[in-house]
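Colleague: Please read through the structure below; I'll follow up with questions.
Read-outs: derived from the displayed coordinates by stated rules, not from any lab. Bear in mind the structure is a predicted one, so any value in this text is a computation, not a measurement. So basically every Cβ, Gly included, is an ideal-geometry build from the backbone, and we count neighbours across all protein chains shown.
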Amino acid sequence: MAGEWRQDPKAAHQLRYHDGNGWTDHISDNGVIGVDPFDQPRHPPPSGPSTAPQDEDAEAIKGRKLVIAGLVTSGVSLLLCPCIGSMAGGGLALAGQRTTPVGRRSALGRLPLATYLLSGLGLLGWIVIFAIAAATGEAEEPEVAATATTMTTEVSVPVTTTSAPAVTVVVPTGDAELLAAVRVEPEVDPGGYDRGLFNYPAGGTDSRGCNTRSRVLERDSTVPAQITFPNCQVLVGRWLDSYTGTAYERASDVSIDHLVALKQAYVSGASAWSPATRTAFANDIDRLGALRVIGGSGNASKGDKDPAAWKPPLQQAWADYARSWLGVKIAYGLSADPAEVNALRTMLTPPPPVTTPPSTVQTPVTPPPTAAPTTKAPVTTRPPITTPATTGVYYANCAEARAAGAAPIRRGEPGYRSALDRDRIICTR
């Protein structure tokens, strides 16, 4: 066998001479192929330095990287897109195999076939999944799909829902007829109540992604509600709490009240319902009054109480509350206990007219002012005095009258003179 320079198995960066029978001690200097150490060159050396070993190593590394990339791509394609990803993975692996030099190809470089097999399995799995999903979708298609067109400040798109079959019970309109139509029975709690049994509010989610809460807020806002998408979050609007008469503008300040609470419905007959009927009841936005926007604290005070235990604070709302309550219970075949019916009858009875009784308050009469009693000076008995005409009594002043003991002197008495008079009595002091 002819001798030749080969890559040193102990040091890949240099060449060692193989004489055909075994390795010799002759090595090249930095990969430069020397002459035949026995002066018998079987393979003429190249005209210049050769970098073939280094290029071969680089190509081998590049090939391995491509093969690894192909395997990773094929694996990911099993979960994402086997039709495209698996082909790309197989192509990368095949490119890696071809890039790797023939003498340097390892088991890793021979895996393109495995990538195609993985891709085929992934594609087959996706075909099975799509077939099962199509069959399931046809089997679970809802019996009734309600449609509506909803306007918001953000979008205007057709809205479809997947609610349960609608209730078809005819509800009377008169108060007496409503009271007569409701089934009167005591409440029965079989236990096992859980709010999740009613699938609220997710059970009323429409094609926009708006659940029952968002749809009721949008429906009852007296101004166009501001809604963000794609999560369908209602931010602001204007809602009137019919229980208290209070207005709200932030959606975070209000809650949705089930007129007939879920627990109240459960003990009135809903415990025997199917999941579809419970979902229809809890998410019934088409029956006005069944779901209401109220202030956040109102729902907590009402809880699951019936009208015998709780009534709206605003008495003007009692009649509408009672009619809506009876309408919901009759439509869904729920019972009402005797105390509940009596309370509803009271709420439906018009209050007596308020009349203003005749005023019993008399206008006070101001009595005429009474003169202060006049205190008369004590009468002093003195001897009679003759009149001035006969006796000629004259007092130049009050001092003389007092000195004579005649003061006080009244009109008509001797010694009286008008020049000294103040109040028909002179010389009082």
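Colleague: Name the lysines eligible as straight-distance cross-link partners of LYS263: C-alpha to C-alpha under 18 Å, and not fewer than 8 places from it in the same chain.
Modeller: Partners within reach: LYS302, LYS305, LYS311, LYS329.
Colleague: When the Karplus curve 6.51 cos²θ - 1.76 cosθ + 1.60 is applied with θ = phi - 60°, which whole-Hz ³J(HN,Hα) does each residue of the range 178-189 get, with x for Gly and Pro?
Modeller: Working through the residues one at a time gives 4, 5, 6, 7, 6, 7, 9, 8, x, 5, 10, 9 Hz.
Colleague: Just add up the charged neighbours of SER268: K/R +1, D/E -1, any other residue whose Cβ is under 14 Å from the Cβ of SER268.
Modeller: Working: positive: ARG183, LYS263, ARG278, LYS305, LYS329; negative: GLU185, GLU187, ASP189, ASP304, ASP306, ASP337, GLU340.
Residues near SER268 contribute -2 overall.
Colleague: Separate question: Where Lys and Arg each count +1 and Asp and Glu each count -1, what net charge lies around GLU340 among other residues with Cβ under 15 Å from its Cβ? The partial results should precede the final answer.
Modeller: Details: positive: ARG183, LYS263, LYS302, LYS305, LYS311, ARG323, LYS329, ARG345; negative: GLU185, GLU187, ASP189, ASP304, ASP306, ASP337.
The answer is +2.
Colleague: What is the order of ASP206, ASP320, fewest Cβ neighbours within 10 Å to most?
Modeller: On the way: ASP206 23, ASP320 14.
Ordered by Cβ neighbours within 10 Å, fewest first: ASP320, ASP206.
Colleague: While we're looking at this one, here's another question. Under the rule of at least 5 residues apart or a separate chain, name every residue whose amide H is placed under 5 Å from the amide H of SER207.
Modeller: Distant-sequence amide H within range of SER207: THR160.
Colleague: Tell me, SER324, SER252 in order of fewest to most beta-carbon neighbours within 10 Å?
Modeller: On the way: SER324 19, SER252 10.
By the 10 Å Cβ count, ascending: SER252, SER324.
Colleague: I would also like to ask the following. Report ³J(HN,Hα) in whole Hz for each residue of the range 330-343, in order, from the Karplus equation J = 6.51 cos²θ - 1.76 cosθ + 1.60 where θ = phi - 60°; Gly and Pro get x.
Modeller: Calculated HN-Hα couplings, in order: 5, 4, 9, x, 8, 8, 9, 7, x, 4, 5, 5, 4, 5 Hz.
Colleague: To continue, here is another question. Each residue of the range 253-265 in turn: what ³J(HN,Hα) in whole Hz from Karplus with 6.51, -1.76, 1.60 and θ = phi - 60°, glycine and Pro shown as x?
Modeller: Once θ is set to phi - 60°, the couplings for the range 253-265 become 8, 10, 9, 9, 9, 6, 3, 8, 4, 4, 5, 4, 5 Hz.
Colleague: If you don't mind, there's one more thing I want to ask. Neighbouring Cβ atoms within 10 Å as the yardstick, rank SER418, SER335 fewest first. If you can, show how the numbers build up before the last one.
Modeller: Working: SER418 8, SER335 17.
If I rank by nearby Cβ atoms, fewest first, I get SER418, SER335.
Colleague: Identify all lysines with a Cα-Cα distance to LYS10 below 30 Å; exclude those on the same chain that are fewer than 8 residues away in sequence.
Modeller: LYS62, LYS65
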